[in-house]
Amino acid sequence: MLSQDKRLVIAKRIAEELKEGQIVNLGIGIPTLVSEYLDDKEVFLQTENGLLGMGPPPTEENLDIELINAGKEPVTYLKSASFFNSADSFGLIRGGHVDVAVLGILQVDIKGEIANWAVPDQPILGVGGAMDLVTGAKKVIVAATLFAKDGTSKLVKELTYKTSGIRKVDLFVSDYAVFTFTDEGVKVLEMMEDITLDELSKKVGFNLEYAAEFNSSK
């Protein structure tokens, strides 16, 4: 089972990428934890079921079971929040007004194309807002552990799960490394674990390279 520490490390690293004044959509899973690390940074969190201005996770005292995000998890809202219907919310996404989407994944290939909504031989509930966010957000960051429970890498040469859209994502923040995607393919931007590039390459099953802006100090 994934330790809570790794989930929080990933979320905290993603929070560092977010800038003041941005409209940010947080997907289901690890992305929802990002809100715990915004501190005093003014970021406007959006959920596609119709809320802009989500606050931090609720405590037992301010829990409202009727106030939920798109993943049916309880949330809070800021004083500056806006509520609207789902159609307007998707208009916000499709109109290119979301600055950053943070999404969970099942797989991401070396070109930056992701799959995050359907597993072979499992019931399919539908793609939800994934394809809209992949297409409509100005920047897409994906958050996941690098390896699945069965030990297989989520970073793959080619997707074997159904794609969420042909758009190339910008960053993949994992528990082992931060990856960026360029015209030459996937590159390691930053190491999150004490591991060499050769060791990481062996784990994922193909050769990796450092990005030109690789940060060895983190």
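Bear in mind these aren't lab numbers, they're just calculated from the coordinates by the rules spelled out. The structure displayed is predicted, hence computed values, not measured ones. Here Cβ is always computed from backbone atoms with ideal geometry, including for glycine, and neighbour counts include all displayed protein chains.
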Checklist line | The listed residue being part of a loop (DSSP other than H, G, I, E, B), in contact (Cβ under 8 Å) with a residue 40 or more places away in the chain, surrounded by 14 or more Cβ atoms within 10 Å (Cβ to Cβ) and hydrophobic (A, V, I, L, M, F, W, C), out of 10, 28, 14 | finding: 28
Next item on the list: Working only within region 31-72, note down all residues that are hydrophobic (A, V, I, L, M, F, W, C) and closer than 24 Å to residue 174 by Cβ.
Entry: 33, 34, 38, 43, 45, 70
Check: From the list 88, 64, 39, which residue is among the acidic types (Asp, Glu) and either assigned to a strand (DSSP E or B) or under 30 Å from residue 187 (Cβ atoms) (or both)?
Finding: 39
Margin query: Restricting to region 131-165, give me the number of residues that are under 30 Å from residue 44 (Cβ atoms) and part of a strand (DSSP E or B).
Written below: 5
Margin query: Quick check on residue 127: is it in contact with a strand residue (DSSP E or B) (Cβ under 8 Å, 6 or more places away or on another chain) and under 25 Å from residue 98 (Cβ atoms)?
Written below: no
Note to self: Among the residues that make up region 124-134, is at least one of them touching a Leu at 6+ places or on another chain (Cβ under 7 Å), among the β-branched types (Val, Ile, Thr), surrounded by 18 or more Cβ atoms within 10 Å (Cβ to Cβ) and under 21 Å from residue 14 (Cα atoms)?
What the structure shows: no
Next item on the list: Within region 154-177, identify whether any single residue is more than 17 Å from residue 6 (Cα to Cα), polar (S, T, N, Q), more than 12 Å from the chain's Cα centre (by Cα) and surrounded by fewer than 17 Cβ atoms within 10 Å (Cβ to Cβ), and answer yes or no.
Entry: yes
Notebook entry, point to check: Given the structure, is residue 52 more than 18 Å from residue 129 (Cα to Cα) and of a type in the set (A, V, I, L, M)?
Noted result: no
Next item on the list: Mind telling me which of the residues 128, 136 ends up being of a type outside the set (A, V, I, L, M, F, W, C) and in contact with a Gly (Cβ under 7 Å, 6 or more places away or on another chain)?
Entry: 136
Check: Taking region 178-218 on its own, how many of its residues are acidic (Asp, Glu) and under 22 Å from the mean Cα position of the chain (by Cα)?
Finding: 4
